[in-house]
Each structure stands twice: as C-alpha cells, then as structure tokens.
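J.: Here it is: the structure, laid out below.
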Amino acid sequence: MAGSPGLSAFCLKVWEPVLAKARRAVVFMDTPCAEILHWCGGAELLFSAGALNVKEFSSFESGANNQPKALFVVGSHLRGRALEVIRDVVSQSSFQYCVVVTAVSPGEAEDRAAYQQLEDKLCEWMGNMNFTAEVMWAPLLLAPISPHLLVTPAFSSLFPLVASQDLQTLNRSRPDKKRFPSIGDVDLPSMPHEFQVHIKKLVSALNAFFEGIGVREECYAVGHLSRIIAGELANYPQAKNRRKTAQSKASLVFIDRTLDLTGAVGHHGENLVEKMLSALPSLQGHTNDVMVNMDSLTALRSEGDNEGIIAPGCLAQPTDPAAKTLWESMFNMKQKEAVMEVRRHLVEAASKQNLPVKMSMGRVTPEQLRSHIQLFKENGQAIEQHCGVLQLALATVQALKHPQCAKWDSFLAYERLLLQSTGKSELPMVLNQLYPMIKSHNERSNDDYNLEDIIVLLVYIYSVTGDVQVNTELDIMESQVKKALIRSFSDEPGLSPLLQKITGCESSPELTFEKSTAAVNKIFSTLRDISKARSHLKMFHSVHVPGSNVQQASYKPLLKQIVEEILHPDHAEPLDIEHMSSGLTDLLKTGFSMFMKVSRPHPGDASLVMLFVIGGVTVSEVRMIKDLASTLKPGIQVVVLSTKLLKPLDIPEFLFAADRLHPDTGI
C-alpha cells in the first residue's frame, strides 16, 4: 500500500490562505487548530510567514499597543463562546485590522450572512467602522500523523453511543409512545442539539476535504453512529454537485469503535509508538502527542526554580526529514526493529557531528541509546541540527524505562491466557480468574494491577467474549467481582482522572460506599452493553477465534475482518458493510432490481479506500491494515482516518464519560 502524498499534501495546502494572512499579525489559535498545525509544521510555519506572536484563543489574551493586526484561527462555528472570546480579545487590544479564519464552512446562506455581520461587529469592537475586518473559511480538519493515518483533533471526544445509558438519556426527554426501543432506532434529529451540530460540522468538513482532493466518495457504515454520519454525508446537499464533477472515486467506510474494544484496550501490538503513547504524559492541549523530557541534554538541574524551565520534546517532527523518516519507521515496525532504527539514526547523527560514537552490534538496550544521546549533551549546534531525532530517541528511552512498560508484558501474557479460556459460556470462569487480582490499595504491590488496570481488563474480557449467556452462575460471579471492586474503590486514597470520571467524585473522602456501589453498577451495565455491541451483525459478530487441537485460540480484529471483506477477490455483497444511498437514484435502483439485475456499489470498487474509525484507532491497527492491503490487493490505496490515536486508558474514559452526548468541541 503506497503512502498518500496527495492526502498529506492537502493537509498542508489548506494552511496556505491562513499563512498568507499571518504577516505582521498576532495569531490567536484554538486548541484543535493548534494540534492540526502541530502535525503540519507547527508555529514555525506562522513565524516564517511573518507572524509577530502566537497566543492561545482565550479571553485572557490580547495584543500589545504597537500590534495593529490580529489573526484568529478557530475550528468552531462563529457564535456563542467563540464569538465572546473574539470580542473580549479585540476589545482589550488596539487592532486596526482583524482576520478571522474558521474551519466551519459557510454552507448555508444564513451562515454567509452571519460572516458579513461579523465583519461589521469586528470593526465595532475595534472602535472604528473604517478599520479592516475579514472573515474567511479554510478546511482545517486533518492532522497527518503518518502517510496512512489522518486524525481529526476537533472531533477527538466523539464516541459511538453505548446502548442502555445513552438510550435512557435520549428517552428521558421523549413521551412514552415515542421512546426508542433500541440504539439502532435513534436518528440524528433525536440527538441533543450540540451533538447534531458536531456531526454536521464533521460532515461539512469531510465534504470540503473530498472537494479539495477531487474525489467522489461512496459512503458505507458498520455500526449505529457510523450509519447516521455516513447517511448525512451521502445526502449532504453541497456534496451532490461536487460528486458530479469529481475525477476519481473513493470508498469511505465509517466504523464504530464500540464494535471492537478488544483491539483498543489490548496490549498485543508489539509496537514502540503504542508504548510511548501509553507511558509518557500527554502534551498539554493535545490528544495525539506526548511530552518528552529533554532535561538530560542540558547541564540544568531541573528542580526548585528550574523545574519545567526546559520545553518538552514531542513525537511530531514534520519539518525534520531524518526525524520524519525515523517516526514513520517506528510507526510501521515491530518494537525490536524500531529500536534498532533509533540506534542507527543516533549513530548517523553523531558521526555527522564527529562525536566519539562507539558502534555496537546485537541487542539494543535503553542504556546504550542513552549513552549515544549523552554525546550531544550541551553541544548546542549538534542538538539544533539533530533535535528531531534526539526527541524521538529520548521518547524511546523514557518509554522503555517506564514502569508501565514492564506491566505491558504482564498484560499481554494475561490477555493471551484469557483468549484460551474465553467463550460464550466461559465468562463466569474468566471472572473467577480475575477476582483474586482485584486488590485494595493497602494490599497491592507495584506488580499488582491497580483499579484502572482491572477496568481495562474487564473491557477486554466483555468485548472479546461478545454476546454472553446470562445465567445464575454469571450473576453470582459478577456480584463477587462487584463487591471486590466496591471495596477497592472505597479504599482508594487518591482518585486518578479516570476514577474521578467514573465516580463523579473529585476526592476520595467524597467517595462514599453508596457512590462506589453506583459507579461499579454503572461499569457492569456498560460492560453488558459492550458484550452485545456486535449482536446485530451477521458476519462480524465475533472477534474471538476458538482454539482447536492444532491451534491456540486467538483474537481476530474487526478491522481485519472488514478489510478482508472489502478486498476479497470474489466481490460478494458485504452483509454488514451497509451502503448509504444518496437519494432518489438508489431508491430507483432498488425498485428496478426487482425486475432486472442492478448491482449495488461495493467498497472494493474504488482504487482509494478510506476507513474512518469513530472513537479512535491504535498504531497496531493502522499497521495491520497497511500490511493487509499490500498483501491482498497491492494496487489499492487504503488510508485510515480516525477521531484520535488511542492508548488503552482512553477507552474507559470514553465509556464512562457522563457527557458523551455533549462532546467537547475544543472551546
């Protein structure tokens, strides 16, 4: 599967009109747009274009008296909170020229009128109607993490619905006769207004993306939320004309993450980047990058007044060719090969700087990498020239030395064991194995699983098991596990962000026995929902391959099954990949097909296949899809789009979030 220079190039091209307006401006940028720019070249692009300063999009920021020009870059609609922030910043500054760039297309006539009104308002806020104000649109949607993976930071909190909780929330505001019997019956107009706006914004942004790359897409869906989004895009009025003139075809398959959470929380991927994402702290304000501690390259002691004085490094290195090559290798290789590649790049960089590097063969250790990195210490010129490679090398050392990394292997061993004993009727036995591992804070050693680990394992167990047989044995075993969890919750001395989210409590004194019980009951209600997530599917109803006399039981990712089905040579109509019609022509086709043979579009028909995973995707999954495509159908290009790059703890955060129907829109 070849890379996709066209798609990555488009991600950069959309910034050109923004950069053209940056000259001599103070730039105010919201978090999602800043994250997209981070993977396209960072603030460096703005400064090279002549920006004076880059600031957070916040009411607490303003321009200096000698700065007459402002550029606002926002990913949201120009109303509500976004408008308030712009007003506050402009009112507190001395601007004479304001440019506002929004990532939301002015599709409707009323939006275009609102843009015109905003230009007048900006002049009003600047204090002179003769000053200059411009409102523009740019399709700032995708961050190119790798040539095969594009993510949408503005939609990082979008997650498919979880049956019973979300259904209860939606039905609460509906009269008895109009209540939805199942999550599959929910349509977009029944969602909270905020959620509808968020989905429409995604559809509008995807339409602009396809317009930009000159592609006519056929929309497909696997999962309930995916069906809603695919249907909206298929019937989006502005897309109809675009599709008539587009030069090439693409298949866009939306997939609900909830249909397979095993891959999202599992530790089976032998991938270095996955471990970095899991072990290192998130880069502030970012959903797809981490902080790399750079202190060891300096002579500073980072304590007391010096603490946090050195800016952290990160994984995104879009403007450094050597580091970019290394990043893509790390993304696509197994851990062992990736670590060797890190050493090769370090040795090469040290040789170029005539540093006394010792070549060593055999296994690469974190200590060996660290000794190579130390050669650059306090050498300003060498650090500057090879800063990208050094950041990725330090990220490698810090991830491999992290206690989380040692736990990774114990997770992997336990998950393999689980696969051997998993089956529809074996869930009580599996829970019985897990039960003794649930320990209260006082009983736990560093090697034991903490509460977050247990929750991750429970999600793994229920997702891989699938539709469970509910019986007395299961009820008894679940109630034992619940009791152990309630006790552990109540004994926890401090609550992590995930435990705060699950319990709704900010500190452990707040967490009463009743609240612990309610939280654990909610966890198990969600786990039962997870186990039923695939029950409506015909082909993709299982991700567990039972063992036999000759073969161990294994996990077969849903994404693998979908790609195999799309690229299958016999081209049979895929039962679970639903084609979303774009109106009348398809209805006519369906009617005529009673009398004549009319073939429906097949996702394998196009030379470009895009899989859009709603709710996040892992590095291992992207690599698996890339390898599968090049094996099954080398001529076809398969690219993954997703809302975010996942680490195991992200999934419980999404599952147990109280605000899933009110996604964070970045403001």
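The values are calculated or read from the model by the stated rules, or taken from the named source; none is laboratory data. As the structure is a prediction and not an experimental result, all values here were calculated from the model. Counting neighbours? That spans all protein chains shown, and the Cβs are built from the backbone with ideal geometry, glycine included. Each accessible area value is taken on the protein alone, full model and side chains, heavy atoms only, with ligands, DNA and RNA left out. Shrake-Rupley method; radii C 1.70, N 1.55, O 1.52, S 1.80 Å.
J.: Would you mind telling me the antiparallel percentage of the DSSP bridges in the chain, rounded to 5?
T.: Just about 20 percent of them are antiparallel.
J.: Under the Karplus relation 6.51 cos²θ - 1.76 cosθ + 1.60, θ = phi - 60°, what is the ordered set of whole-Hz ³J(HN,Hα) values for the stretch 204-217, x standing for Gly and Pro?
T.: 4, 5, 5, 4, 5, 4, 5, 5, x, 9, x, 10, 9, 9
J.: Which of the listed residues, Ser8, Leu375, Leu280, is farthest toward the dipole's positive end in the chain, when Lys, Arg count +1 and Asp, Glu count -1 at the beta-carbon?
T.: Going by the Cα projections, it comes out as Ser8.
J.: Answer with a single label: of (i) 75, 67, 54; (ii) 126, 71, 42; (iii) 76, 74, 56, which was calculated as Cα extents along the principal axes in Å from the structure in view?
T.: (iii)
J.: Say R0 is 30 Å: what FRET efficiency, to the nearest 0.05, do Leu300 and Leu355 get from their beta-carbon distance?
T.: 0.90
J.: At a 1.4 Å probe, what is the % contribution of carbon and sulfur to the accessible area of the chain?
T.: Roughly 52 percent, rounded to a whole number.
J.: Work out the charge dipole of the chain with +1 on the Cβ of Lys and Arg and -1 on the Cβ of Asp and Glu about the Cα centre, then indicate which of Val215, Leu661, Leu394 is farthest towards its positive end.
T.: The residue sitting most towards the positive pole is Val215.
J.: Hey, can you rank 215-226, 43-54, 185-196 by average C-beta count inside 10 Å, highest first?
T.: With the highest mean Cβ count within 10 Å placed first, the list reads 215-226, 43-54, 185-196.
J.: Consider just the alpha-carbon atoms of the stretch 495-575 and return their Rg together with their Dmax, both in angstrom.
T.: 20.0, 61
J.: Rounded to the nearest 0.05, what FRET efficiency is calculated for Ala113 and Ser58 with R0 set to 35 Å and r the Cβ-Cβ distance?
T.: Rounded to the nearest 0.05, the efficiency is 0.80.
J.: Taking the Cα centre of the chain as origin and charging only Cβ (+1 Lys, Arg; -1 Asp, Glu), how large is the dipole, in debye to the nearest 20?
T.: Around 1160 debye, computed over the chain.
J.: Cut-off 16 Å, label point 7 angstrom out along Cα-to-Cβ of Leu575: give me the residues of the stretch 431-475 whose amide nitrogen falls inside.
T.: The answer is 467, whose backbone nitrogens lie closer than 16 Å to the label point.
J.: Express the relative contact order of the stretch 448-543 as a whole percentage, based on alpha carbon pairs under 8 Å and six or more residues apart in sequence.
T.: It comes to 43 percent, rounded to a whole number.
J.: Once you list every other residue whose beta carbon is under 14 Å from the beta carbon of Met610, what net charge do they have if Lys and Arg are +1 and Asp and Glu are -1?
T.: Residues near Met610 contribute 0 overall.
J.: With a 1.4 Å probe and every protein chain left in place, work out the accessible area per residue of the stretch 316-372 in Å², rounded to a whole number.
T.: 55 Å²
J.: Still on this structure, please answer the following. Any chance you could check the Cα centroid distance between the stretch 398-436 and the stretch 600-643 for me, in angstrom?
T.: Spelled out, the Cα-based centre of one part sits 29 Å from the other.
J.: Over 26 Å between C-alpha atoms is what I'm after, so list which of Lys407/Lys482; Lys178/Lys482; Lys334/Lys556; Lys501/Lys644; Lys69/Lys200 land there.
T.: Over 26 Å apart, Cα to Cα: Lys178/Lys482; Lys69/Lys200.
J.: By how many nm would the segment from Leu412 to Gln247 lengthen if fully extended, with 0.36 nm per residue of separation less the alpha-carbon distance?
T.: Working it through step by step, the gained length comes to 54.8 nm.
J.: Here is a further query. Restricting to DSSP loop positions (anything but H, G, I, E, B) with no more than 14 other Cβ atoms inside 10 Å of their own Cβ, which trypsin sites (Lys or Arg not before Pro) remain in the stretch 274-352?
T.: Sites meeting the loop and neighbour criteria: Arg301, Lys334.
J.: I'd like the distance between the alpha-carbon centres of the stretch 53-120 and the stretch 276-297, rounded to an integer number of Å.
T.: Answer, in whole Å: 30.
J.: What is the packing order of peptides 636-642, 520-526, taking the mean over residues of other C-beta atoms within 10 Å and listing the highest first?
T.: In descending order of packing, they fall as 636-642, 520-526.
J.: Any idea which of Phe411, Gly604, Tyr462 is furthest toward the positive side of the dipole for the chain, if Lys and Arg beta-carbons carry +1 and Asp and Glu beta-carbons -1?
T.: Gly604
J.: Here's something else I'd like to know. Would you work out the relative contact order for the stretch 502-588, in percent, from Cα pairs under 8 angstrom that are 6 or more residues apart?
T.: Relative CO of the stretch 502-588 lands at 17 percent.
J.: Give the peptides 530-540, 506-516 in descending order of average Cβ contacts within 10 Å, highest first.
T.: My ranking of the peptides, most packed first, is 530-540, 506-516.
J.: Using Cα pairs under 8 angstrom and six or more residues apart, how large is the relative contact order of the chain, in percent?
T.: 19 percent
J.: Sticking with this one: Can you give the net charge of the other residues whose Cβ lies under 14 Å from the Cβ of Val339, counting K and R as +1 and D and E as -1?
T.: Taking every Cβ under 14 Å from that of Val339, the sum is +3.
J.: In the neighborhood of Arg416, defined by Cβ-to-Cβ distances under 14 Å, what is the net charge if each Lys or Arg adds +1 and each Asp or Glu adds -1?
T.: -3
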